[in-house]
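Remarks on the structure that follows.
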Amino acid sequence: MEQIGDRLIWYFIPFTDISIPGGVNVLTIFNALVVIGLLFGISYLAVRKFAMTPGRGQYVVETFAGMFDGLVMSSLELPTRRENRRFFPLIASLFMFLLLSNFMGFFPTPLFLPVTLFQEPTADINCTLSLGIMGMVIATFCSMRAKGIMGYFSELAGPMWSQEGATGGALIAGKLSALFFFPLNVIGEMAKIVSISFRLFGNIIGGSIIIVVVTTLVYNFSPLAAGLDLFFVFFVGTVQAFVFTMLTLTYIAVGIK
Amino acid sequence: MEFLDAHTWELVGRYLGAGLALGLGGIGAAVGMGLSAGKANEAIIRQPSEQGTLLRTMLIGQAVGGSPSIFALVIGLLILFKPAGGDVVGATFAAVTIGAGISIGLGCFGSGLGCGWPGGAACEGVARNPRQSTSITSSMIIGQAVAQSPSIFATVIALIFLFRAPSVTGLAAFGVCLGAGIAMGAGALGPGIGSGTAAGGAVHGSSRWPQSSGSTLRTMLIAQAVSQTPAIFGMLVAFIMLFALPDLDLGIEGFARTLGAGIAAGFGGIGPGIGSGTAGDYACRVTAARPRIDALTLRTMLIGQAVSQSTAIYALIIALLLLFVV
């Protein structure tokens, strides 16, 4: 149990003496690549041959795509399907990536290997933080495009910034109130990134720590470990992947309204 | 630290830690179970013919809602029987066990209490709509399971306390352990109650308007996840104190600094957790009644929750300033 909180970090590119500033968590990169490879494989198998009467695999993929299509459509309240095509690929691939990433801890490591091979990329704060920053940058960009750059910043400057028909003292007081509201709103936007990324990270790493500790306490009695996996990996992983995706989607929706 | 010998310190830690874990951790679950039982009684009066189904729903709700207190029991037993050894002896042992006790005790208080609302709402719903009892029960279980994640965070922090030696010693170890325990435990208290209230609203809504239960479930999950933000801030502060604290004064100054940061992050999260849970409760009911405007409801709820959580953000800023700047 001493491995809790430890990370396999490379500070040099292997077989060279080129240093990596700050180091890089190898397992996160490796598992993220495995997830991307799996997703490519699944997508290839899914679109290889389309039939009018769908087989089992095509049915599952079409149901999934249709469900997310409707979800994006209704959450963003977009007028046309063409608009929807801009957001649907992002949201659906974010969900698929997170879902498979959260399930990675379930795969066992072959016994002859000295280190753990499979762990959730989402159990690394750098992965979830970069996904969170990505979501907020996209939401901010969409918001700026929908409202204009001045519109975006005047929304950050608080409700009293742009008043209709205010003159004299009321106008100056309204503009001065931005000194108070602007920092608060900027901090609020930053806190969105912290909360969305730490929510996913905390749930996934919490589940993996509980699985490690409890299986050690019961001397690796495997049926109990499988039961724990069922809840902490599959239930919590699915719920948190969905919540992360929906929150990104809703931040975009709040931004463009 | 020198006025008690190592063995006495270890006993002090065991007794206080286990007492805090079970004493605080049992309150919430018991109140929550009582809430479900009261609603079940009311429901049986309204629908005496569905007595068996109602009794079963009540028992399932109480069993799932009781699991936070089971977490507390497990941690309490670990505290009582964990052997002292390695770096963790004497006063440090007392610090980690008391910290683990506070974290799990306060953390399970909230989730246990919160799980009472969906349990009660499920009994009410089954009495109103007995044919939907299976789907009502399953949405109750999902709501309760997600409402327990603050107590799972608290369990994780308690396990880290028990299985990993703290990086500091002396009086500062007490500060780090008590501070991280309060940050996590009190930080999980409000969110546990709040996400339970949101689940209660969702179970109520989906029992009255079963045809819109899909959108209600979605709103519930998001409402619960957002109302758990203060618990995440508490966990963040606890993680920083346990793993990433820059060189800390080992005497009374480091003690006060870490304890103050923990109190700010922990107690600052109680109100926002409960408040944004209430917002989620109403949003779930509205979504169930009017599934057509669920996107609008969701946006309004998120903005309201974000504003009600600004105090948790201020508390987090104070905690980070205490740890890194002042």
- Message: Quick check on this structure: which one of A:S154, A:S75, A:S130 is of a type in the set (S, T, Y), under 30 Å from A:N185 (Cβ atoms), over 13 Å from the mean Cα position of the chain (by Cα) and surrounded by fewer than 18 Cβ atoms within 10 Å (Cβ to Cβ)?
- Response: A:S154
- Task: Identify, from the list A:L217, A:L176, the residue that is surrounded by 13 or more Cβ atoms within 10 Å (Cβ to Cβ) and not basic (K, R).
- Result: A:L217
- Within the range A:73-101, how many residues are within 17 Å of A:T248 (Cβ to Cβ) and within 14 Å of another protein chain (Cβ to nearest Cβ)? 11
- Note on the structure: All conditions in (1) in contact with a strand residue (DSSP E or B) (Cβ under 8 Å, 6 or more places away or on another chain); (2) on the phi > 0 side of the Ramachandran plot are true of A:F12 except (2)
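For every residue, the table says whether it meets (1) hydroxyl-bearing (S, T, Y); (2) at pLDDT below 90; (3) closer than 17 Å to B:I44 by Cβ.
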{"residue": "B:G119", "(1), (2), (3)": "no, no, yes"}
{"residue": "B:A122", "(1), (2), (3)": "no, no, yes"}
{"residue": "B:G125", "(1), (2), (3)": "no, no, yes"}
{"residue": "B:N129", "(1), (2), (3)": "no, yes, yes"}
{"residue": "B:I136", "(1), (2), (3)": "no, no, yes"}
{"residue": "B:S149", "(1), (2), (3)": "yes, no, no"}
{"residue": "B:A154", "(1), (2), (3)": "no, no, no"}
{"residue": "B:I157", "(1), (2), (3)": "no, no, no"}
- Task: For the range B:260-274, enumerate the residues that are assigned to a helix (DSSP H, G or I) and buried (at least 21 other Cβ atoms within 10 Å of the Cβ).
- Result: B:A261, B:G262, B:A264, B:A265, B:G266, B:I270, B:P272, B:G273, B:I274
- Candidate set: the range A:212-238, residues that are within 16 Å of B:L78 (Cα to Cα) and either under 21 Å from the mean Cα position of the chain (by Cα) or assigned to a helix (DSSP H, G or I) (or both); chosen: the one nearest to the other protein chains (Cβ to nearest Cβ): A:V213
- Item | Within the range A:100-124, tally of residues that are outside any loop (DSSP other than H, G, I, E, B) and surrounded by 19 or more Cβ atoms within 10 Å (Cβ to Cβ) | 9
- Among (1) more than 14 Å from every other protein chain (Cβ to nearest Cβ); (2) part of a helix (DSSP H, G or I), where does A:G202 come up short? (1)
- Considering only residues of the range B:216-248 that are within 21 Å of B:L259 (Cα to Cα), in a helix (DSSP H, G or I) and over 16 Å from the mean Cα position of the chain (by Cα), which is farthest from the other protein chains (Cβ to nearest Cβ)? B:M241
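Out of the range A:182-228, which residues are among the hydroxyl-bearing types (S, T, Y) and free of Cβ contacts under 8 Å to residues at least 12 places away in the same chain?
Across the range A:182-228, the qualifying residues are A:S195, A:Y219, A:S222.
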- Query: With respect to A:M134, is the statement that it is more than 14 Å from every other protein chain (Cβ to nearest Cβ), out of contact with any strand residue (DSSP E or B) (no Cβ under 6 Å at 6 or more places or on another chain) and over 30 Å from B:A265 (Cβ atoms) true?
  - Reply: no
- Note on the structure: Of (1) in contact with a Ser or Thr (Cβ under 6 Å, 6 or more places away or on another chain); (2) surrounded by fewer than 21 Cβ atoms within 10 Å (Cβ to Cβ); (3) hydrophobic (A, V, I, L, M, F, W, C), A:M190 fails just (1)
- Pairs, please: C-beta under 6 Å, at least 6 apart or cross-chain, first residue among the basic types (K, R) and in the range B:250-263, second assigned to a helix (DSSP H, G or I)? B:R257/B:L322
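The values are calculated or read from the model by the stated rules, or taken from the named source; none is laboratory data. The shown structure was predicted, so the numbers you read here are calculated from the model rather than taken from an experiment. FYI the Cβ positions are ideal-geometry reconstructions off the backbone, even for glycines, and counts take in every protein chain you see.
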